[in-house]
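As structure tokens, the structure follows; a few thoughts come after it.
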Amino acid sequence: MSARIFSIALLSGLLAATPGSAEKLTVSQYGRIIATLPWAVALEKGFFKEAKLDVDGITAGAGGGTSVRNMLAGSLPFAELSTSAVVAAVKAGVELKIVDTASNHPGELAWASKPNAGIKSIKDLVGKKIGFTNPKSTTEMVLRAAVAKEGLTGKVELLAMGGLGPAITALNQGAIAAAPLNDPQMTLEPQNFNILFHAFDYYPNFSWSVDVTTPEFAAKSPDKVRALVKVHRKAVEFIYANPDEAAKVYAKVWEVSDSEAKAILPKYIQWKHWSNGEFSKEGLLTVENGMRAVGDLEGSVDWSKIVDQSYLDEDQRRPL
């Protein structure tokens with residue numbers, strides 16, 4: 001989305017929020033991607049109440065500019081968003097501050113073919129069509145990086161499918177040869193797919209998800225911002241220390257069985273998929289380079305003006 005279009009969409013989408021007795025936290029793709037699990041754990045385990053935060057639910061933004069608008073229109077101007085959406089918003093003139101990193105690892109995202117298609121690796125996709133979700137999305141960034149690194153630029157056709165669900169439908173119908181895939185489908189239906197490559201094969205350090213607020217809210221309620229950052233960190237530490245309990249929360253929110261959740265979570269724990277807040281200079285630069293590759297960014301990002309590490313403990317702060 002261009003800066004001009006983003007600005008128009010943002011201004012048209014902003015509505016006056018009606019204050020209530022409790023607040024909703026905006027979390028992009030909540031309950032859909034596993035990176036959002038810490039907030040589900042925080043709700044389920046009462047971490048918000050322990051921190052004296054009056055948060056009783058999550059607004060599950062659809063991603064991109066929609067989630068930014070949800071945050072700005074709500075009573076709690078704090079959200080977990082994709083890093084690229086934050087950069088796009090800032091470039092469009094929206095004042096935002098990134099206060100911690102939610103994930104520095106691309107997790108489950110992979111590309112798959114049908115098992116009987118005779119396609120065993122990315123090299124076998126020459127002359128074929130490969131799907132990604134939406135233009136300038138994380139999936140387009142990863143796919144273009146993979147294609148370029150394997151020397152396949154110009155040798156394959158890349159198609160926007162409109163989402164993960166439509167991409168899998170197109171794969172099943174034979175309209176494309178490979179589609180992006182994630183959990184729980186990846187783990188629970190392995191017989192239906194042949195994994196060709198993972199995002200982490202090309203982007204091992206990818207700070208794609210962050211927590212943000214507005215400078216105004218940060219100045220007005222610094223203790224509240226700090227408390228929200230600490231709640232996220234506490235939930236992340238809980239997941240790593242109590243994987244079986246975390247799996248129960250995942251099962252409830254993602255609507256899978258306990259046994260299925262226990263089959264899904266271990267690899268994410270091994271990957272250290274959830275960040276306790278620390279920033280990665282390499283991970284941020286990966287996002288920046290990916291945005292340039294898909295035409296969503298001109299020039300460079302001055303991360304020092306967007307990132308505010310003052311809400312992290314001193315031992316968590318890193319040079320950027």
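Where a number appears in this text, it was derived from the coordinates with a stated rule and is not lab data. Only a predicted model underlies this, so the values are computations on that prediction, with no experimental measurement involved. Note that each Cβ is placed from the backbone with ideal geometry, even for glycine, and that neighbours are counted across all protein chains shown.
Brief remarks follow.
- Across the stretch 114-132, the residues whose backbone nitrogen lies under 16 Å from the label position 7 Å along the beta-carbon direction of ASN192 are 114-117.
- Rounded to the nearest 0.05, the FRET efficiency derived from the C-beta distance between LYS52 and ALA22 at R0 = 22 Å is 0.95.
- Computed from phi, the 3J(HN,Hα) profile of the stretch 291-299 under the Karplus parametrisation 6.51, -1.76, 1.60 (θ = phi - 60°) reads 5, 5, 5, 9, x, 9, 8, 10, x Hz, with x in place of Gly and Pro.
- Extension gain (nm, one decimal) between LYS128 and ASP244, 0.36 nm per residue minus Cα-Cα: 37.6 nm
- Degrees between helix 258-271 axis and first principal axis of the chain (Cα, 0 to 90, nearest 10): 90 degrees
- In this structure, GLN185 and ALA73 have a Cβ-Cβ separation that, at R0 = 30 Å, corresponds to a calculated FRET efficiency of about 0.40.
- Relative to the dominant Cα principal axis of the chain, helix 64-73 is inclined by about 20°.
- Amide hydrogen proximity for TYR30: with H placed 1.01 Å from N in the peptide plane, the residues at 5 or more positions away or on another chain lying under 5 Å are GLY61.
- Maximal additional length on extending the ASP223-ASN289 stretch stands at 20.4 nm, based on 0.36 nm per residue less the C-alpha distance.
- Magnitude of the charge dipole, the stretch 110-201, Cβ model with Lys/Arg +1 and Asp/Glu -1, debye to 20: 260 debye
- Coil-residue trypsin sites (Lys or Arg not before Pro) of the stretch 21-92, DSSP, other Cβ within 10 Å capped at 13: LYS52
- Loop-located trypsin sites (Lys or Arg not before Pro) in the stretch 218-290 whose Cβ has at most 15 other Cβ within 10 Å (DSSP): LYS272
- Reach of LYS305 by Cα under 16 Å, taken over aspartates and glutamates that are not fewer than 8 positions away in the same chain: GLU95, ASP100, ASP211, GLU216, GLU288
- Note that the stretch 162-168 has calculated 3J(HN,Hα) couplings of x, x, 5, x, x, 5, 5 Hz, one per residue in order, obtained from phi through the Karplus relation 6.51 cos²θ - 1.76 cosθ + 1.60 (θ = phi - 60°); glycine and proline are x.
- For the chain, the convex hull drawn through the C-alpha positions has a volume of 132 cubic angstrom per residue.
- The alpha carbons of the stretch 110-201 give a radius of gyration and a Dmax of 11.7, 34 Å, in that order.
- Entries in LYS230/LYS267; LYS128/LYS252; LYS123/LYS252; LYS149/LYS248; LYS91/LYS248; LYS45/LYS114 that, when Cα-Cα distance is taken, lie over 31 Å: LYS128/LYS252; LYS123/LYS252; LYS149/LYS248; LYS91/LYS248; LYS45/LYS114
- Taking the charge dipole of the chain about its Cα centre, with +1 at Lys and Arg Cβ atoms and -1 at Asp and Glu Cβ atoms, the residue from THR214, GLY295, ILE58 reaching farthest to the positive side is GLY295.
- Sparse-neighbourhood loop sites, GluC sites (Glu not before Pro) in the stretch 244-320 - DSSP loop, at most 11 other Cβ within 10 angstrom: GLU255, GLU298
- Most fluctuating residue given options ASN116, ASN289, ASN276, as computed from a GNM of the chain linking Cα atoms under 10 Å: ASN116
- In the chain, helices alone account for a calculated mean residue ellipticity at 222 nm of -12500 deg cm²/dmol, with every DSSP H run of four or more residues adding -39,500 (n - 2.57).
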